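Next up is a structure, given as structure tokens.
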Amino acid sequence: MSKMMHAVILVVFGGACWFMSLILKLPLMVLPATARLPGVPPGQPVLPAFTRLCMAAGPALLAAFALLALGYCIYVWVRKAERPAPWTGFLATTMSALVVVLLPTVVAIYIPLVDFLNRSTAALPK
């Protein structure tokens, strides 16, 4: 039962890491719309530094987390122990890692979106 729960947690964690790496691609969708606004000079709309940092480091960090979780699961599945490893610690660790990465990701996504909204309302005639 414990090995099966480790597998379920690993699948959910891997799916969440994949989904978060896709979320980090969203600012690239806002950038062309920002460039088309009338009040933005050509060549000026760039992503903020924090967003670029999260977009560059986020997928690699998430892949490292997923590989570490896979390594731990392989260790749990292969080892011969008299007492099975509890799955609750693995669940707490993986979900904590997701929360630690999720908070900067949300900020990095919303910065370009808020910038786009501010610029698009400034372009409206008064």
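Laboratory data are not the source of any read-out in this text; all were calculated from the coordinates shown. The structure presented is a predicted model; accordingly, all values stated were derived computationally and were not measured. All Cβ positions, even for glycine, are placed from backbone atoms using ideal geometry, and neighbour counts span all protein chains on display.
Considering only C-alpha atoms, what is the centroid distance from the range 1-54 to the range 65-90, in Å?
The distance from the Cα centre of the range 1-54 to that of the range 65-90 comes to 29 Å.
Under the Karplus relation 6.51 cos²θ - 1.76 cosθ + 1.60, θ = phi - 60°, what is the ordered set of whole-Hz ³J(HN,Hα) values for the range 57-63, x standing for Gly and Pro?
3J(HN,Hα) across the range 57-63, in whole Hz: 8, x, x, 5, 5, 5, 5.
Sticking with this structure for a sec: Calculate the spin-label point distance for residue 82 paired with residue 11, positioning each point 7 Å from the Cα along the beta-carbon direction, and give it in nanometres.
3.3
Using +1 on the beta carbon of Lys and Arg, -1 on that of Asp and Glu, and nothing else charged, what's the dipole of the chain about the Cα centre, debye to 20? Don't skip to the answer; put the middle values down first.
Values: 9 positive and 2 negative charges, 16 e Å.
Value, rounded to 20: 80 debye.
Taking the Cα-to-Cβ direction at residue 67 and at residue 121 and moving 7 Å from each Cα, how far apart do the two end points lie in nm?
Simple spin-label model gives 4.4 nm for this pair.
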